[in-house]
Each structure stands twice: as structure tokens, then as C-alpha cells.
1. With +1 on the Cβ of every Lys and Arg and -1 on the Cβ of every Asp and Glu, and nothing else charged, how large is the dipole of the stretch 6-116 about its Cα centre, in debye rounded to the nearest 20?
2. Sum up the charges of everything whose Cβ sits under 12 Å from the Cβ of L11, counting Lys and Arg as +1 and Asp and Glu as -1, but leave L11 out.
3. Considering the dipole of the chain built from charges on the beta carbon (Lys and Arg +1, Asp and Glu -1) around the Cα centre, which of S106, L18, Q34 is farthest to its positive end?
4. Mind checking the angle between helix 69-84 and the chain's longest principal axis? C-alpha axes, 0 to 90 degrees, to the nearest 10.
5. When P(r) over Cα pairs in 5 Å bins from 0, in percent is calculated directly from the model, which label among (1) 2, 13, 25, 27, 22, 9, 3, 0, 0; (2) 2, 10, 18, 17, 12, 7, 5, 4, 4, 5, 6, 5, 3, 1, 0; (3) 2, 11, 22, 23, 18, 12, 6, 3, 1, 0 fits?
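What follows is calculated from the coordinates using simple rules that are stated; it is not laboratory data. Quick caveat, the model's predicted, so the values are computed rather than measured. Methodologically, a virtual Cβ is constructed for each residue, glycine included, from the backbone with ideal geometry; neighbour enumeration extends over all protein chains shown.
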Amino acid sequence: MAYTDLFNVTLDNLAAKLTEISGLRVVTDPRNLQPPCVFLDAPSFEAFNYNIAKMVFPCIILTMGPSNLDALRPALEIAAALLNKQVAVTDGNPSNTMIGGVEYPSYSINISIQAQTG
């Protein structure tokens, strides 16, 4: 089923834009996580009216290996690629993410977008 509402279209557009980054796997469903990848988690939003909202997408960069420099370098490389893609990356923080009982090194980045209908 295709979703055509304000929020789902914005999610799809952001995922498509990030997929343009060469070699980057972008995932919107946690069931499909396979590091290394970028997971677009559920966004928060602030509505201005019925057709304009500011959405903030938590973007989790997942890498492999222990949480050391070997994991940090590729995470920072992906973070720089996201920033270079000229999406509104507002901040980022190192973290660890649990998937299926396994803890992966990760980097959490927030991307802010204005969602708007015609």
C-alpha cells in the first residue's frame, strides 16, 4: 500500500535522497537492519498548520565491530556524507544500539525537514 500523506511522503523523500549517497544502505524498517547501514527511525514533528510541519528524523548510523576506532571511523565517514548531502543535519552523538539482542556501535544524528503539502 502506498502512503501519500504528508508524513509518509516526507519519510520516503528523505530515504530516497539519502539512498543517492554511493554505497549507503538506508533502512526505514527495523526488521531490515543489516549493519553497516543508516536507519531512519520514527520522527517527531511540530505542526504549524494542517499542511506544514517541522519533522525531526533520528538517523542511526550502525557499524560493525566493537565500539572502538574501527567502528568510529566508518560511522564518521557516513555522518560526513550525510552532512555533505545538504540535508539539515542538526546534531550527532556516538551511541550503541541493540538489535536482536546484539549491541552495535552507532552514531545518532538528527535530520530536520519541513514537510509541506501543495
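1. Numbers: 6 positive and 9 negative charges, 28 e Å.
Dipole magnitude for the stretch 6-116 comes out near 140 debye.
2. On the way: positive: K17; negative: D5, D12, D29, D41.
Neighbourhood net charge equals -3.
3. Among S106, L18, Q34, the one farthest towards the positive end of the dipole of the chain is L18.
4. That helix lies at roughly 20 degrees to the long axis.
5. Computing P(r) over Cα pairs in 5 Å bins from 0, in percent and matching it to (1) 2, 13, 25, 27, 22, 9, 3, 0, 0; (2) 2, 10, 18, 17, 12, 7, 5, 4, 4, 5, 6, 5, 3, 1, 0; (3) 2, 11, 22, 23, 18, 12, 6, 3, 1, 0 gives (3).
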